[in-house]
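Report on the structure given below.
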Amino acid sequence: MTQPSVILVTASYDHTIRFWEAKSGRCYRTIQYPESQVNRLEITPDKRYLAAAGNPHIRLFDVNSSSPQPVMSYDSHTNNVMAVGFQCDGNWMYSGSEDGTVKIWDLRAPGCQREYESRAAVNTVVLHPNQVLDISQCTSVALQTELISGDQNGNIRVWDLTANSCSCELVPEVDTAVRSLTVMWDGSLVVAANNRGTCYVWRLLRGTQTMTNFEPLHKLQAHDGYILKCLLSPEFCEPNRYLATASSDHTVKIWNVDGFTLEKTLVGHQRWVWDCVFSVDGAYLITASSDATARLWSVSTGEDIKVYQGHHKATVCCALHDGAEPSPC
């Protein structure tokens, strides 16, 4: 099976994962996922694998195969896996679950390498992009990075993987769930979105030690409903810097990070918008909604260009990889 240059994938409460031709809107591959719903999708940096986070497992599928079977399964979570992502060379995966843990996995070895207790259901986890996991030897688990998690009780925690501990804890609003976190590609900003439609923005400062310090920068009342996903634009969008917020109010809003002014409101979905992902140049946005569709939007015009129809129930997550394979970390 030849690999398309653009990999676009969605998952739905109908227990399927669908691969789409981005331009034509044609679904060219469907994977049945009968065991649970899929909460999150992520494509490895080298475009070889797709991670599907379910309940309570993570399944890894071969992007370039027509096989419906996963190539690997990661099974030590005990509840819904709500977050999954990869370190830049694709050797390491991280995850967060409603079982209250954040885990790190070496894709070259069986089992979970690290586990951190958040003491509340974890909704979102992001990797600090300024750091990389420095694995000098195949057997080494020496990690030099930070993960940031947000949970149902409203806590944001920074996990120092070198010290193997929580190095920082923030509570922007007591008892208000943090639904989504996003970090600017250069590590300069972090945004947390919550169940009250609010985004909290901090400037990330590297302290005298290796620990990251959070300096409050802005509070943005972005939506009246829940914010289900927030996402900062990628490096190749520069000099423009945008924040996308997807909401239960059926809209996605595009904010200019310079002053956090509203640039565009994307209107078209008929129900909650659960997920969004920028194209590599930040010119386009893919969204996934409870109206059973995904949509492709122009960020500059705010118009929808393509609607991806085929799911029979809520489309709750999407993944896009339209860039080249990354250079080594």
> Do you know which residues across region 8-37 are more than 21 Å from the chain's Cα centre (by Cα), outside any loop (DSSP other than H, G, I, E, B) and under 14 Å from Lys306 (Cα atoms)?
Replying inline: Cys27
> Which one of Pro239, Pro216 is under 24 Å from Asp322 (Cα atoms), of a type outside the set (S, T, N, Q), more than 17 Å from the chain's Cα centre (by Cα) and surrounded by fewer than 15 Cβ atoms within 10 Å (Cβ to Cβ)?
Replying inline: Pro239
> How many residues are within 17 Å of the chain's Cα centre (by Cα), in a loop (DSSP other than H, G, I, E, B) and at pLDDT 95 or above when one looks only at region 58-93?
Replying inline: 1
>> I'd like the full set of residues that are at pLDDT below 95 and within 17 Å of Cys112 (Cβ to Cβ), limited to region 122-146.
In response: Leu127, Leu133, Ile135, Thr139, Ser140, Val141, Ala142, Leu143, Thr145
> Of the residues that make up region 193-209, is at least one open to solvent by less than 10 Å² (accessible area, probe 1.4 Å), closer than 22 Å to Ser95 by Cα and under 20 Å from the mean Cα position of the chain (by Cα)?
Replying inline: yes
>> For a quick check of your reading of the model, give me the residue pairs whose first member lies in region 194-207 and is modelled with pLDDT of 95 or more and among the polar types (S, T, N, Q), whose second is open to solvent by less than 30 Å² (accessible area, probe 1.4 Å) and in a strand (DSSP E or B), with beta-carbon atoms closer than 6 Å and at least 6 apart or on different chains.
In response: Asn194/Val178
> Any idea which residue in region 297-321 is nearest to Ser24 (Cα to Cα), counting only those that are open to solvent by less than 30 Å² (accessible area, probe 1.4 Å) and over 16 Å from the mean Cα position of the chain (by Cα)?
Replying inline: Tyr308
>> Step by step: first the residues of region 171-192, then only those that are assigned to a strand (DSSP E or B) and in contact with a Lys or Arg (Cβ under 8 Å, 6 or more places away or on another chain), then the one that is surrounded by the fewest Cβ atoms within 10 Å (Cβ to Cβ). Which residue is that?
In response: Leu189
>> Can you pull out every residue in region 267-290 that is more than 22 Å from Ile17 (Cα to Cα), out of contact with any Asp or Glu (no Cβ under 7 Å at 6 or more places or on another chain) and not β-branched (Val, Ile, Thr)?
In response: Asp281, Gly282, Ala283
>> Please determine whether any residue of region 260-267 is open to solvent by 20 Å² or more (accessible area, probe 1.4 Å) and within 16 Å of Thr10 (Cβ to Cβ).
In response: no
> Of the conditions (1) outside any strand (DSSP E or B); (2) crowded, with 18+ Cβ neighbours inside 10 Å, Pro110 fails just one. Which one is it?
Replying inline: (2)
>> Checking the condition more than 25 Å from Ala53 (Cα to Cα) and touching a strand residue (DSSP E or B) at 6+ places or on another chain (Cβ under 9 Å), which residue from Asp291, Asp281, Asp304, Asp258 passes?
In response: Asp304
> In this structure, is Lys229 touching an Asp or Glu at 6+ places or on another chain (Cβ under 8 Å), buried (at least 19 other Cβ atoms within 10 Å of the Cβ) and charged (D, E, K, R)?
Replying inline: yes
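Listed here are the residues, each with its yes/no results for (1) in a loop (DSSP other than H, G, I, E, B); (2) touching a residue at least 60 places away in the same chain (Cβ under 8 Å); (3) touching a Leu at 6+ places or on another chain (Cβ under 8 Å).
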| residue | (1), (2), (3) |
| --- | --- |
| Leu231 | no, no, yes |
| Trp255 | no, no, yes |
| Leu262 | no, no, no |
| His269 | yes, no, no |
| Asp291 | yes, no, no |
| Cys317 | no, yes, yes |
> Counting only residues that are open to solvent by less than 20 Å² (accessible area, probe 1.4 Å) and among the aromatic types (Phe, Trp, Tyr), which one in region 17-76 is nearest to Val102 (Cα to Cα)?
Replying inline: Tyr74
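The values are calculated or read from the model by the stated rules, or taken from the named source; none is laboratory data. As the structure is a computational prediction, the values presented were derived from the model and not from experiment. Methodologically, a virtual Cβ is constructed for each residue, glycine included, from the backbone with ideal geometry; neighbour enumeration extends over all protein chains shown. Note: accessible area is taken over every heavy atom of the protein model, side chains too, but ligands, DNA and RNA are not part of it. Shrake-Rupley method; radii C 1.70, N 1.55, O 1.52, S 1.80 Å.
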